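What follows draws every value from the coordinates through simple rules; no lab data is involved. Predicted model only: the values in this text are computed from it and were never measured. Note that we place each Cβ from the backbone using ideal geometry, even for glycine, and neighbour counts take in every protein chain shown.
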Amino acid sequence: MYATQALTQLVPLAADELDKNKVTPGVLGFLVFAALAVGVWFLMKSMNRHMGKVDFEEAPDPAAQPGDTGGNPAQASSGAGTEAAGTKASASGKS
């Protein structure tokens with residue numbers, strides 16, 4: 001029995017199992033997904049390393065006095081947004 005004869009007898013068996021409407025990603029899809037996963041892992045590792053190098057110490061808010069309890073909280077919180085923006089700019093080295 002030759003290989004071609006064996007294949008011709010196995011083709012009808014395979015035809016019953018294969019569904020032409022079913023689409024699967026296959027090996028190439030798995031390899032692309034694995035490459036993306038490894039790439040994301042390396043990016044996260046690099047980000048953690050860079051975030052570890054950041055030395056940020058927030059300056060105390062001058063509007064919030066430790067002994068001042070009778071002030072208006074709305075006024076104290078209104079200046080906090082501008083102070084935070086200035087602190088971020090100075091931390092990044094930009095003025």
> Based on the mean of other beta carbon atoms within 10 Å per residue, what is the order of 20-26, 44-50, most packed first?
Replying inline: 44-50, 20-26
> If r is the Cβ-Cβ distance from residue 27 to residue 54 and R0 is 41 Å, what FRET efficiency results, to the nearest 0.05?
Replying inline: 0.50
> What is the fewest-to-most order of 32, 27 by other Cβ atoms lying within 10 Å of their Cβ?
Replying inline: 27, 32
